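The values are calculated or read from the model by the stated rules, or taken from the named source; none is laboratory data. Only a predicted model underlies this, so the values are computations on that prediction, with no experimental measurement involved. In this analysis, Cβ positions are derived from the backbone assuming ideal geometry, glycine residues included, and neighbour counts consider all displayed protein chains.
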Amino acid sequence: MSIKSDRWIRRMATEHDMINPFAEKQVREGVISYGLSSYGYDLRVADEFKIFTNVNSTVVDPKKFDARSLVSVESDVCIVPPNSFALARSVEYFKIPRDVLTICVGKSTYARCGVIVNVTPFEPEWEGFVTLEISNTTPLPARIYANEGLCQILFFQSDEQCETSYKDKKGKYQGQKGIVLPKL
């Protein structure tokens, strides 16, 4: 398995629609950077957010998730409360090849502000908008900027195709369009 370079990512995005829309260069001027980097792709967070709230006194249960645990916000800026959590989605739609697995890592600009981004790997042949998990680990509110970079996706290509892809097993998050809540 090897990590893929900017040349491979550019070719896969332009010839195979792996990332759409695709920013062929790193965009940095006046924004938290996004787009193609040396060995990855910095995706953007869309302007749709779901922020956890305790107003309804619900319990977070992955087997029986109560949507009342969240408030929806559509804005150019999302304020994540202190020691809290939000969900968002990517601007980009991804189509992962059968012999590729991705890992997501946070961007240093947000990490230095105590904002941690957690995204599970994109499995072979998964496709959709990415549901992004954003944690504010600080005792202060944290600002997240829509349509700017949030995290970096690293692409790893295997020397052989997997036996069973995410598409083959009809994964429950296949083809997701918006912020998708936990499913059992």
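Structure values in brief
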| quantity | calculated |
| --- | --- |
| Every residue from the range 1-23 that is closer than 23 Å to Gly175 by Cβ, among the polar types (S, T, N, Q) and not in a helix (DSSP H, G or I) | Asn20 |
| Pick from the range 22-64, criterion at pLDDT 95 or above and among the hydroxyl-bearing types (Ser, Thr, Tyr), ranking: farthest from Phe156 (Cα to Cα) | Ser33 |
| Residue within the range 1-21 that is closer than 28 Å to Pro182 by Cβ and of a type in the set (Ser, Thr, Tyr) present | no |
| Any chance Pro124 is out of contact with any Pro (no Cβ under 6 Å at 6 or more places or on another chain) and either hydroxyl-bearing (Ser, Thr, Tyr) or closer than 15 Å to Ala13 by Cα (or both) | no |
| Single condition Ile19 does not satisfy, out of (1) in contact with a Pro (Cβ under 7 Å, 6 or more places away or on another chain); (2) modelled with pLDDT of 95 or more; (3) of a type outside the set (D, E, K, R) | (1) |
| Some residue of the range 102-110 being surrounded by 15 or more Cβ atoms within 10 Å (Cβ to Cβ), assigned to a strand (DSSP E or B) and basic (Lys, Arg) | no |
| Hits in the range 1-55 - residues which are among the acidic types (Asp, Glu), loosely packed, with under 15 Cβ neighbours inside 10 Å and at negative phi | Glu15, Glu24, Glu29 |
| Output for the range 126-171, where each listed residue is surrounded by fewer than 18 Cβ atoms within 10 Å (Cβ to Cβ), in a strand (DSSP E or B) and charged (D, E, K, R) | Glu133, Arg143 |
| Any hit, the range 70-78, residues being closer than 26 Å to Gln26 by Cβ, in a strand (DSSP E or B) and either in contact with a Phe, Trp or Tyr (Cβ under 9 Å, 6 or more places away or on another chain) or modelled with pLDDT of 95 or more (or both) | yes |
| Checking Leu36 against (1) in a strand (DSSP E or B); (2) in contact with a strand residue (DSSP E or B) (Cβ under 6 Å, 6 or more places away or on another chain); (3) of a type outside the set (D, E, K, R), the condition it does not meet | (2) |
| Residues located in the range 79-101, provided they are part of a loop (DSSP other than H, G, I, E, B) and among the acidic types (Asp, Glu) | Asp99 |
| All positions within the range 56-69 that are touching a residue at least 60 places away in the same chain (Cβ under 8 Å) and either crowded, with 21+ Cβ neighbours inside 10 Å or not in a loop (DSSP other than H, G, I, E, B) (or both) | Ala67 |
